[in-house]
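I have placed the structure first, in the form of structure tokens, so that the comments after it can refer back to it.
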Amino acid sequence: MLTSKEYSDYINGAIKSLNLPGGKLAGLYSPISYALATGGKRLRPMLTLMTCEAFGHPVEEALPMALGIEIFHNFTLLHDDVMDNSDIRRGRPSVMAKYGVNTAILSGDTMLSLATGLMLKAPAATMPAVMECFNSTAIEVYEGQQLDIDFENRNDVSLSEYLEMIRLKTSVLLGCAAKIGAIIAGASDNDADLLYRYAECLGLAFQIQDDMLDVYGNPEFGKPIGGDILNDKKTFLMLSAMSSPKAAEMRAAMAQSDKSSKIKAVTEVYDALNMRQLCSEAVERYSLEAISAIEKANIPEENKVCFRKLAYSLSERQV
């Protein structure tokens, strides 16, 4: 199997080869190229290719679907930035900030259609299962986004509700990416479901780790410290603190008007609750659950190594 870098390089090369229209249509397609060029880890398409290869099929068979997953993911980011009025995405101006709200919406809509078109390139025998997985996952992602919006106006969100929201908004697309690779490779339903669960657990671990990085991360790695705190964003840390004996202290800390004071006060509550350790334990728990799923799958032992490494690498991001 390929290394993570080789998968990433392969995907980046394929994205550059999409040959999106220019000329009179540059106003529609240039924002798409801009969005896709920001890169990231390419985790979702990587999972599609990894899974296909793990079951003994060449990565080329799953490449169109992997690209479709990546384009769909970036489509959701374009619309998410519009809904959140976010000017920055991955350390540079968002499509909305650079090209305007209307263009971000229209280019995002086009990305959804491009992604669907790539999914339709699946072999005829696997097409129904691929499209069912893709479409049902898309609806779940939208449901997760709606829950996230609803949570902004609620003060009674529970930790279990939050975990379900991030499962829908983030994790199910990772699960879909892995499952589609398995479907393309002709894996059994049970094995495809095990790969789905593996990736779904990775998504939960990833999001909890991301919540922790907002407070305890290194700003040199691209994420400013305290952004979630200043935006009163529901996170694993915030909701855990709100359900703890220090809930009153947490509410008082969140009520601070001065930005630096607010970050300091909230962080002190988190420190008192040993929240960094609690997050690390949750990340490890989901990472181990992911590994447990991959161990049950009927793929060669040597092909399981890269899946284990990926699970551990996500739980060991720089903090």
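The values are calculated or read from the model by the stated rules, or taken from the named source; none is laboratory data. As the structure is a prediction and not an experimental result, all values here were calculated from the model. Cβ: placed from backbone, ideal geometry, glycine included. Neighbour counts: every protein chain shown. Surface areas here come from the heavy atoms of the whole protein model, side chains and all, with no ligands, DNA or RNA. Shrake-Rupley method; radii C 1.70, N 1.55, O 1.52, S 1.80 Å.
Ranked by the mean number of other Cβ atoms within 10 Å per residue, highest first, peptides 132-144, 253-265 order as 132-144, 253-265.
In the full protein context, the stretch 164-319 carries 44 Å² of accessible surface per residue, based on a 1.4 Å probe and ignoring ligands, DNA and RNA. In the complete set of protein chains, residue-level accessible area for His57 is approximately 60 Å², probe 1.4 angstrom.
Return the calculated 222 nm mean residue ellipticity for the chain, to the nearest 500 deg cm²/dmol, obtained by summing -39500 (n - 2.57) across DSSP H runs with n ≥ 4 and dividing by the residue count. Walk me through the numbers on the way to the answer.
On the way: 16 runs with 226 residues, N = 319.
Calculated from helices alone, the mean residue ellipticity at 222 nm is -23000 deg cm²/dmol.
For Asp150 and Asn19, FRET efficiency with R0 = 35 Å and r from the beta-carbon atoms, rounded to 0.05? Once the sixth-power term is evaluated, E becomes 0.30.
So how do 167-174, 96-103 stack up, highest first, on mean other-Cβ count within 10 Å?
Values: 167-174: 23.0, 96-103: 16.5.
My ranking of the peptides, most packed first, is 167-174, 96-103.
Within the assembled protein chains, the solvent-accessible surface assigned to Thr110 is about 30 Å², based on a 1.4 Å probe.
Check each of the GluC sites (Glu not before Pro) in the stretch 223-319 and keep only those in coil by DSSP with at most 15 other C-beta atoms within 10 angstrom; list them in order. Spell out each step's value before the answer.
Details: sites: Glu249, Glu268, Glu281, Glu284, Glu289, Glu295, Glu301, Glu302, Glu316; in loops: Glu316.
Taking the stretch 223-319 and a limit of 15 other Cβ atoms within 10 Å, the loop GluC sites (Glu not before Pro) found are Glu316.
Go ahead and run the numbers for FRET between Glu268 and Leu120, Cβ-Cβ distance against an R0 of 41 Å, rounding to 0.05. The formula returns an efficiency of 0.15 here. For the stretch 94-118, backbone nitrogen atoms closer than 20 Å to the point 7 Å from Met131 Cα along Cα-to-C-beta are found at 110-118. Surface listing: Val130, Val305 arranged by accessible area from highest to lowest gives Val305, Val130, probe 1.4 Å.
For the chain, which whole percent of the accessible surface, found with a 1.4 angstrom probe, sits on carbon and sulfur atoms? Intermediate values should be presented prior to the final figure.
Values: 7660 of 14500 Å².
Here carbon and sulfur together make up 53 percent of the probe-accessible area.
Taking a straight line from the alpha carbon of Lys5, these lysines sit under 19 Å away, with near neighbours fewer than eight places off in the same chain left out: Lys16, Lys41, Lys304, Lys309. Mean separation of Cα pairs under 8 Å and 6 or more residues apart, divided by the residue count, gives the chain a relative contact order of 17 percent.
Projecting the Cα atoms of Leu118, Ile139, Tyr162 onto the charge dipole of the chain, computed from C-beta unit charges around the Cα centre, puts Leu118 farthest toward the positive end.
Residues whose amide H lies under 5 Å from that of Arg89, counting only those 5 or more places away or on a different chain, are Ser94; hydrogens are built 1.01 Å from N in the peptide plane.
To the nearest 20 debye, what is the magnitude of the charge dipole of the chain about its Cα centre, counting +1 on the Cβ of each Lys and Arg and -1 on the Cβ of each Asp and Glu? The partial results should precede the final answer.
Working: 31 positive and 41 negative charges, 160 e Å.
Charge dipole, the chain, about its Cα centre: 780 debye, nearest 20.
Provide Lys121, Lys179, Lys16 ordered by accessible surface of protein heavy atoms (probe 1.4 Å), highest first.
Working: Lys121 130, Lys179 50, Lys16 170 Å².
Ranked list, largest accessible area first: Lys16, Lys121, Lys179.
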